[in-house]
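Working notes, structure below.
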Amino acid sequence: MNDKTVRANDRAHVFHSWAAQGLIDPLPVAGASGSYFWDYAGKRYLDFSSQLINVNIGHQHPRLVAAIQEQAARLCTIAPAFANDKRGEAAQLIAELAPAPLNKVFFTNGGAEANENAIRMARLHTGRHKVLATYRSYHGATATAITATGDPRRWPNEPVALGVVHFWGPYPYRSPFHAADEAQECTRALQHLRDTIVFEGPATVAAVLLETVVGTNGILVPPPGYLAGVREICDEFGIVFIADEVMAGFGRCGEWFAVDRWGVAPDLITFAKGVNSGYLPLGGVVISDEIADTFRERSFPGGLTYSGHPLACASAVASIQIFKEEGIVEHARSIGEDVLAPGLAELAAKHPCVGDVRGLGVFWALELVRDRETREPLVPFNAAGADANPMNELAAACKQRGLWPFTHFNRVHVAPPCTVSAAEVHEGLAILDEALTVADRYSTAQDQ
Ligand code: PLP
């Protein structure tokens, strides 16, 4: 296979996600290792997007590859109704890592199905139907998960499921509550959630579904006290608190689960991506004892042919063991604190187009603006076509220099693998430094 054949097959027969099929030109990838992948011409890209923010362990980790090979030789598949050693071990390891009252795991193939089933559990557990989720969110592309999604990917899918109500989460840089600081943002955001519940009718609300740290919609780190406040409100009204950690979990935020940073225990945690870095499709729901009890005598009305797939579960077991032995979560935390935080602050000081820098672990965003005073975004919300040019030019400048960026609306997200070295981060930031001059040209500071 060469670039030409791969491209030709892809263009002729592969139908791609989230794309107008005639307008895309996917790059054929020949291989990958660690923080890099490369094309058939041998051009290397430093992967600052960890693909879809999922390759937390880095590409082709030799021990993880070996564990998959070993399991493939032993037992590739077995139906979910059987007990299986790797499935049980994966569930045990994940339950041990989760907050105390969460002790059981329902496995899925990915994040959307995890949220789909968490919502199903919450509805059956409470006997209520409504789900509250934030506007700035993505929860997956299956029926209920895309309805719960707050971002524009929901629009062309409507109407799908019933019973989702959207509300505003905290976002200090563009406060929906006109708050002056983080503490005020927290108080007002909690009051807004409470009011929403009261006016929706608490007896109709099954769940509040939140990304612990909002991912694609902006790397929005909740202000101190917010998640604890959500927990209290959910307890007050008997509502299930679902933390979507599909993107934020397994090292991304410098914690095993992002909720650990705030010491909060939700009732359900959904995970996928980083649990095995996408080496095989895997996701799931970690379930509290109380909710698991609902299904002790009563059958759970959901399932998947590949729930707890042995090969996928073996890769999760191996990945968690490697994370522990190599201190990958701690590494991600210190890369965030010691390298990314100061490095990105330096870029912000230098480039007038940078309005805000935020994040933790290996999960950061540079929010780009035309004007730092007015905070006018570099491109409009949900920009398409020519409106998106400044961001497209910035992304092209990164790629040309060998950096694969993650861009969304008016933001560049910096999300390398959790295993990235300090030297690799410096290499990537140096490229970003050059590429940001492209965006600076659209900044009003350039006219003065
Ligand atoms: N939840 C969050 C926070 C996500 O970021 C994603 C995917 O990006 C999903 C759910 C959906 O996961 P999947 O694409 O595995 O279905």
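Computed values, structure above
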quantity: Residue identified as farther than 21 Å from residue 222 by Cα, surrounded by 22 or more Cβ atoms within 10 Å (Cβ to Cβ) and not assigned by TED's automatic domain parsing to the domain that holds residue 18 among 143, 114; calculated: 114
quantity: Candidates 362, 379, filtered to the one that is modelled with pLDDT of 95 or more, aliphatic (A, V, I, L, M), under 21 Å from residue 150 (Cβ atoms) and in contact with a helix residue (DSSP H, G or I) (Cβ under 7 Å, 6 or more places away or on another chain); calculated: 379
quantity: Any hit, the range 113-125, residues being among the β-branched types (Val, Ile, Thr) and closer than 20 Å to residue 262 by Cβ; calculated: no
quantity: Qualifying positions in the range 178-203 - among the hydrophobic types (A, V, I, L, M, F, W, C) and either surrounded by fewer than 17 Cβ atoms within 10 Å (Cβ to Cβ) or assigned by TED's automatic domain parsing to the domain that holds residue 367 (or both); calculated: 180, 183, 198, 199, 203
quantity: Residue match in the range 229-238 (condition: among the aromatic types (Phe, Trp, Tyr), touching a residue at least 40 places away in the same chain (Cβ under 8 Å) and either in contact with an Asp or Glu (Cβ under 9 Å, 6 or more places away or on another chain) or assigned by TED's automatic domain parsing to the domain that holds residue 413 (or both)); calculated: no
quantity: Any hit, the range 283-294, residues being free of Cβ contacts under 8 Å to residues at least 12 places away in the same chain and more than 15 Å from the ligand (Cβ to nearest atom); calculated: yes
quantity: In the range 199-222, residue farthest from the chain's Cα centre (by Cα) [restricted to those that are small (Gly, Ala, Ser) and either within 12 Å of the ligand (Cβ to nearest atom) or part of a loop (DSSP other than H, G, I, E, B) (or both)]; calculated: 201
quantity: Matching option when the condition is of a type in the set (Ser, Thr, Tyr), outside any loop (DSSP other than H, G, I, E, B), out of contact with any strand residue (DSSP E or B) (no Cβ under 7 Å at 6 or more places or on another chain) and more than 16 Å from the ligand (Cβ to nearest atom), among 187, 196; calculated: 187
quantity: Candidates 422, 415, 365, filtered to the one that is more than 18 Å from the chain's Cα centre (by Cα) and not assigned by TED's automatic domain parsing to the domain that holds residue 273; calculated: 422
quantity: Residue among 359, 302, 327, 308 that is surrounded by 20 or more Cβ atoms within 10 Å (Cβ to Cβ) and over 20 Å from the mean Cα position of the chain (by Cα); calculated: 308
quantity: Restricting the range 244-272 to residues that are acidic (Asp, Glu) and within 16 Å of the ligand (Cβ to nearest atom), the residue that is nearest to residue 140 (Cα to Cα); calculated: 244
quantity: Some residue of the range 273-287 being farther than 30 Å from residue 69 by Cβ and not charged (D, E, K, R); calculated: yes
quantity: Evaluation of residue 340 against (1) touching a Ser or Thr at 6+ places or on another chain (Cβ under 9 Å); (2) within 19 Å of residue 220 (Cβ to Cβ) (one fails), failing number; calculated: (1)
quantity: Checklist (1) of a type outside the set (Phe, Trp, Tyr); (2) within 16 Å of the ligand (Cβ to nearest atom); (3) within 20 Å of residue 258 (Cα to Cα) applied to residue 157, failing item; calculated: (3)
quantity: Any hit, the range 136-154, residues being of a type in the set (D, E, K, R), within 18 Å of the chain's Cα centre (by Cα), farther than 21 Å from residue 267 by Cβ and part of a loop (DSSP other than H, G, I, E, B); calculated: yes
quantity: Test result for residue 92, at negative phi, surrounded by fewer than 19 Cβ atoms within 10 Å (Cβ to Cβ) and of a type outside the set (Val, Ile, Thr); calculated: yes
quantity: Residue within the range 223-243 that is within 14 Å of the ligand (Cβ to nearest atom) and outside any strand (DSSP E or B) present; calculated: no
quantity: Answer residue from the range 376-427, given it is in contact with a Pro (Cβ under 6 Å, 6 or more places away or on another chain) and in a loop (DSSP other than H, G, I, E, B) and is nearest to residue 251 (Cα to Cα) among those; calculated: 410
quantity: Residue in the range 95-104 that is among the aliphatic types (A, V, I, L, M), more than 16 Å from the ligand (Cβ to nearest atom), in contact with a helix residue (DSSP H, G or I) (Cβ under 9 Å, 6 or more places away or on another chain) and in a strand (DSSP E or B) present; calculated: yes
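For every residue, the table says whether it meets (1) out of contact with any Phe, Trp or Tyr (no Cβ under 8 Å at 6 or more places or on another chain); (2) loosely packed, with under 15 Cβ neighbours inside 10 Å.
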{"residue": "34", "(1), (2)": "yes, no"}
{"residue": "48", "(1), (2)": "no, no"}
{"residue": "56", "(1), (2)": "no, no"}
{"residue": "59", "(1), (2)": "no, no"}
{"residue": "62", "(1), (2)": "yes, yes"}
{"residue": "76", "(1), (2)": "yes, yes"}
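The values are calculated or read from the model by the stated rules, or taken from the named source; none is laboratory data. If you're wondering where the values come from, they're calculated on a predicted model, not measured in any experiment. FYI the Cβ positions are ideal-geometry reconstructions off the backbone, even for glycines, and counts take in every protein chain you see.
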